[in-house]
Structure formats: C-alpha cells, structure tokens
Amino acid sequence: MFEKWISVALTDLAMIALSAVVLYASILLYTRTVGLRSFSKMSAADFAMTIAVGSMFGSTVSGPSPTLLMGMFAILCLFGIQWLLAALRVRSDRVSNTIDNQPLLLMAGSEILYDNLRQTNMTESDLFAKLREANAMSFDQVKAVVFETTGDVSVLHSSKDTKMEPTIFDSVIGAERLFESR
C-alpha cells in the first residue's frame, strides 16, 4: 500500500513531462493570441480565468485523465470565454457592471468611512496596515483610500494643495464625499 503512494513508472514521468511542456507552450501561445489581459487581476472574471487555467494545467499534467488533447481544448475554451467576456465588457456597460465589482471609497480625506469598511470586510487594523504600506504618516496626508475591484487598496496621499481630478473617481462608490466641500 505504501508503495502506491511513492512509486511511479518512468513512462508516467515521461508523459507528465511531455504534457507539461505541451500545455505550457499552449498556454503561452493562447496568451500571446488573446493577450496578457487573460491573467490580469482587473475583475472577478480575470481571477476565475487564472484559477481555472491553473487547475486544468495541474490536472492534465499530473495524470492520464483528462487527456492531453482534452486539457489543451479545455484551456483553449477558457481563453475563448475570457476573450469574449473582455470584448463584451468593452462594448457594453451592462455586461461590465454585471461582471465587475465597483471600487469603494474607504477614506475621504482623514475621515474613515466605517460603513464602507464593514462592506468590504476590512478592519480598521487592515486599513491602518495599508496606510503604513503606502507611507502615509498621518491622516492629514490622506486624500482618499479606495478598495479597488481587484481587492487591492489604493492609498492616495500628497500635500494639501494637490488638486484631485474628479474623473479619476467616476466609478468609485462614495466618491462624491471627496468633492462635497468644494
């Protein structure tokens, strides 16, 4: 029984190596054809694509089922779906709004927006860690903190006289608070 868990035939190793090389080359070819957007982390669809391709790669390389051709075809289908979704997102706001999350304002200047923080399941400690990471030394330096569609947190900080461009915040939920006093 123990031998089943640790032994492998040389022919199996050769097939794993061959599958890895062929699938890797296929993914490179598909990525060059469809574009690097396939593995960006700009939307939930991009994240799903990355996970799905990794899963298909792993399951195809590590065993005889699915077969190499089935794995290549499945990954090709994933790239096709990703390309189609990307094209639809560019052409249709409705599709884009359905697939993409919207960025959410977490801080407007030095004011922490606790309701928005709770909505993102972030704690005040998480927020403070992001501020430190961005070298914000005091709340007075903070212009805005945005929870982005990717799950990243953007900390925008600079001197008091720096003007913020409203257009940059068009899609950010709660951004109107940044411009209320003007």
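Here are the numbers for the structure shown:
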{"quantity": "Cβ pairs under 8 Å, 6+ apart, first in the stretch 111-130 and on the phi > 0 side of the Ramachandran plot and touching a residue at least 12 places away in the same chain (Cβ under 8 Å), second surrounded by 11 or more Cβ atoms within 10 Å (Cβ to Cβ) and among the hydrophobic types (A, V, I, L, M, F, W, C)", "calculated": "none"}
{"quantity": "Those residues of the stretch 81-116 which are under 22 Å from SER154 (Cβ atoms), touching an Asp or Glu at 6+ places or on another chain (Cβ under 9 Å) and among the small types (Gly, Ala, Ser), in sequence order", "calculated": "ALA108, GLY109, SER110"}
{"quantity": "Top-ranked residue in the stretch 150-171 [being β-branched (Val, Ile, Thr) and surrounded by fewer than 19 Cβ atoms within 10 Å (Cβ to Cβ); ranked as modelled with the lowest pLDDT]", "calculated": "THR162"}
{"quantity": "Per-region count, the stretch 60-74, residues touching a Leu at 6+ places or on another chain (Cβ under 7 Å) and more than 28 Å from TRP5 (Cβ to Cβ)", "calculated": "1"}
{"quantity": "Which numbered condition SER110 fails, given (1) closer than 30 Å to ILE27 by Cα; (2) surrounded by fewer than 14 Cβ atoms within 10 Å (Cβ to Cβ)", "calculated": "(1)"}
{"quantity": "Listing of helices (runs of 4 or more DSSP H) fully contained in the stretch 25-128 that carry 1 or more residues being over 19 Å from the mean Cα position of the chain (by Cα), under 30 Å from MET164 (Cα atoms) and in the same structural domain as MET15 (by TED's automatic domain parsing)", "calculated": "68-91, 93-99"}
{"quantity": "Filter pass, VAL61 being surrounded by 14 or more Cβ atoms within 10 Å (Cβ to Cβ) and under 22 Å from ASP170 (Cα atoms)", "calculated": "no"}
{"quantity": "Residue within the stretch 13-24 that is closer than 30 Å to ASP152 by Cβ and either not polar (S, T, N, Q) or not assigned by TED's automatic domain parsing to the domain that holds LEU85 (or both) present", "calculated": "yes"}
{"quantity": "Where a residue in the stretch 135-164 is touching a residue at least 12 places away in the same chain (Cβ under 8 Å) and over 20 Å from THR123 (Cβ atoms) and its partner, wherever it lies, is of a type in the set (A, V, I, L, M) and crowded, with 19+ Cβ neighbours inside 10 Å, with Cβ under 7 Å and at least six apart", "calculated": "LEU156/ALA144; HIS157/ALA136; HIS157/VAL142; MET164/LEU178"}
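The values are calculated or read from the model by the stated rules, or taken from the named source; none is laboratory data. Computed from a predicted structure; not experimentally measured. We place every Cβ from the backbone using ideal geometry, glycine too, and count neighbours over all the protein chains shown.
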